[in-house]
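Visitor: Below is the structure I would like to discuss, written out as C-alpha cells.
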Amino acid sequence: MKSDINEQYKIMEKIRNMNLNKNLKYTIYTMGCQLNENDSEKISGMLEQMGYTFTEEISDADFVCFNTCCVRENAEDKLFGKIGEMKRLKEEKGTIIAIGGCMMQEKHIVEKLKKSYPFVDIIFGTHTMQKLPEDIYNILKTRKRVEDIIDIDGEIYEGLPIKRSDNLKASVTIMYGCNNFCTYCIVPYVRGRERSRKVRDILLEIKELAKEGYKEITLLGQNVNSYDGGDGYKFSNLLRDVNRIDGIEKIRFISPHPKDFKDDVIDAIAECEKVSKIVHLPLQSGSTKVLKMMNRKYTREEYLELVEKMKKKIPNILFSTDIIVGFPEETEEDFLDTLEVVKKVNFEQVFMFIYSRRVGTPADKMENQIPEEVKHERFNRLKELVESQISVNNQKYIGTIQEVLVEGKSKTNENFLTGRTDSNKVVVFEGSEENMNKVVKLKIVSEHMWYLKGELE
Ligand code: 5AD
Ligand code: SF4
C-alpha cells in the first residue's frame, strides 16, 4: 500500500541521517530462486537508501542480511552453519544480523533460531520485507530483537527502491504466491495465495528499464501463466505488450505450469519475436501415477502432447525442465517412465532435484518414503542421461551462427568475453570492450559440456 511505503521512505531518510559519515556497509546472502534474488535487489535498494554501501566481505559488513529459501532441506543446514559463523563477528563489531524470506515463515525454524541463535537481531517473513527500514530503526533505537512475521496471503507493495545486480538483464516479478499445492512443495504455505501485480505497474517498470539500457527481461512468478491482470487480461496479453516495448530485445519467463499452458500463450510465444524460444516446462515426474500423487493435474501423455503441440507451432523451440527423483512410492518403473520422457523431449537443460521432505506438506506424511541411497542412485542415473543428451545437443551448435547477448569478461581469461545464446547456453569468445552489452553474431567452433566456444562473424 502506498501510505505504508511512504512511511518506510520517511524512516529510511531518518536512518540515512543517523548513518551519515559513518561509512557503514552491508552484505546480503541470498538463497533459492530468482524471485528471492529479485527480493534481495529490493532489500539492497532499501539499504542503500538508508546510507549503507555494499561489500562482498561479510567481516567488513555492519549489516548482514540472509534471504532464505526452504524449498529443499539442505538450505537449512547451510543457513544454520552460516549464522553460527556470525556469532564471533557480532561479538567483535556489533554487526546487525537480519534473517528473512521463505524459511522464516516456518514456525519450527523461527523457534530454533530464537532458542539457539539469540544474537540474531531481526527476523522477518515474506510478507513483511517492505518493513525492513522500520525493523532496523527499532534495532538502532532499542537493540532488542525484532520479530516481524505475519501469516497472511500478502499484499503487493509498489515503489520500493531497488538496486539491480546487473545492468543488462533484469528480473521483473509479475505475480506472487501460488495456489497449486503440489504435495511436495512448501511454497504455497510460505508465500501465500496467488496475487498479480497491475499491468500498468509492470509495463511502467519495464519501460523504465528499457530507458536505462536493459536489454533482457525475465518475468517472474511461481506460476506465471496464471497471471491475472483483470478484465480478461492474461499472461499472453502481457507477453505481447512487453514485446512492443522499444529497447527490450529478449523476454524470458519462469516458471509456467504445464496445466495452464493454453493455446493463447503458445501463440504469443510463436508470434512475439523477442520472446525466447527456450521454454521452461517443469515436468517433475514422467509417471502418471507419481504426477497424480504430486497433485500436478496433468498426465505423462498430456505433458508429451503439450510438447508436441508447441514443437509444431513454434519452429526451433527448445525446452528446459525441473525433475524430482525419489518422490514417495516412486518405483523403478515410475523412474524409468521419467527417463523415457527425458529421452523423448530431449531437454536443453534439466534442473534435477532429490525429493526432500518438507514439514507441513502432504507428501511428508505419505507412506513408502524412498530410502536415501535409492534416491541418490536414481539421481545419478538421470544425471548421466541428461549429460549424454547435453553433449549430443551441443554438437548441433558447432558450425552454426548464434546471436549472443554479451554479458561480460570471462573470469578465467581477460581477452575473452562471455554471453548467452537465445537457448541460454554460455558462449565464450575472443572480443573487445566494444562488444560488451551488445548482441553479436558468433560462429560456434567447439563445445565443452557447460559452455560453447565461438568466434566473431
Ligand atoms: N523436494 C525436491 N525438490 C523440490 N522442488 C520443490 N519442492 C521440492 C521438494 N520438496 C523443486 C521442483 C520445483 C523446483 C523449483 O524445486 O522441481 O520445480
Ligand atoms: Fe510449488 Fe507447485 Fe506452486 Fe511450483 S506450482 S511453487 S512446485 S506448489
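Visitor: For the stretch 401-456, go through all pairs of different Cα atoms, get the mean of 1/r, take its inverse, and jot down that Kirkwood value in Å.
Guide: The Cα-based Kirkwood calculation yields 10.7 Å.
Visitor: Here's something else I'd like to know. Where the centroid of each part is defined by its Cα atoms, how far is the stretch 6-62 from the stretch 245-269 in Å?
Guide: The distance from the Cα centre of the stretch 6-62 to that of the stretch 245-269 comes to 33 Å.
Visitor: Hey, can you grab everything whose amide H is under 5 Å from the amide H of Q284? Only 5+ residues off in sequence or another chain; H modelled, so Pro and N-termini drop out.
Guide: Here the answer is D322, I323, I324, since their amide H atoms fall under 5 Å of that of Q284.
Visitor: Shifting gears a bit: Beyond 36 Å, what share of the Cα-Cα pairs of the chain is found? Please give it as a whole percent.
Guide: 33 percent
Visitor: Put +1 on the Cβ of each Lys and Arg and -1 on the Cβ of each Asp and Glu in the chain; which of M310, Y189, G45 then has its Cα farthest toward the positive end of the dipole?
Guide: G45
Visitor: What pairs in K309/K425; K87/K169; K14/K169; K309/K441 have C-alpha atoms more than 26 Å from each other?
Guide: Values: K309/K425 24 Å; K87/K169 36 Å; K14/K169 32 Å; K309/K441 30 Å.
The answer is K87/K169; K14/K169; K309/K441.
Visitor: Any idea what angle helix 2-18 forms with the longest principal axis of the chain, computed on alpha-carbon atoms, 0 to 90 degrees, nearest 10?
Guide: 60 degrees
Visitor: Continuing with the same structure: Can you tell me what share of the DSSP beta bridges in the chain is antiparallel? A percent to the nearest 5 is fine.
Guide: Around 35 percent of the beta bridges assigned by DSSP in the chain are antiparallel ones.
Visitor: Can you give me the long-range amide H partners of F54? Hydrogens built in the peptide plane at 1.01 Å from N, cutoff under 5 Å, separation of 5 or more residues or another chain.
Guide: So F54 has HN proximity to Y26.
Visitor: From the square roots a ≥ b ≥ c of the eigenvalues of the alpha-carbon gyration tensor of the stretch 203-361, which class results: rounded (a/c under 1.5), prolate (a/b over b/c), or oblate? Don't jump to the answer; show the numbers that get you there.
Guide: Numbers: a/c = 2.15, a/b = 1.86, b/c = 1.16.
Because a/c hits 1.5 or more and a/b exceeds b/c, the stretch 203-361 counts as prolate.
Visitor: Quick one: what are the phi-derived ³J(HN,Hα) couplings along the stretch 124-131, Karplus 6.51/-1.76/1.60 with θ = phi - 60°, whole Hz, x for glycine and proline?
Guide: 10, x, 6, 9, 10, 4, 5, 9
Visitor: Here's a follow-up. Roughly how many Å is it from the Cα centre of the stretch 327-341 to that of the stretch 199-236, as a whole number?
Guide: 36 Å
Visitor: Using the Kirkwood formula over every pair of different C-alpha atoms, what hydrodynamic radius in Å results for the stretch 336-457?
Guide: Numbers: mean 1/r = 0.0592 Å⁻¹.
This gives a value of 16.9 Å.
Visitor: What number, in percent, do you get for the relative contact order of the stretch 169-395 if the mean sequence gap of Cα pairs under 8 Å and at least 6 apart is divided by its residue count?
Guide: With pairs under 8 Å counted, the relative contact order is 18 percent.
Visitor: Would any residue of the stretch 262-294 have its amide N under 19 Å from a label point 7 Å out along Cα→Cβ of K312? List them or say none.
Guide: 262-271
Visitor: Something else: Pop out the ³J(HN,Hα) list for the stretch 402-414 in order, Karplus 6.51 cos²θ - 1.76 cosθ + 1.60 with θ = phi - 60°, rounded to Hz; leave Gly and Pro as x.
Guide: 10, 7, 10, 7, 7, 9, x, 7, 5, 6, 9, 9, 3
Every number here is computed from the coordinates shown, using simple stated rules; none is lab data. Please read these numbers as outputs of a predicted model, since none were measured by experiment. We place every Cβ from the backbone using ideal geometry, glycine too, and count neighbours over all the protein chains shown.
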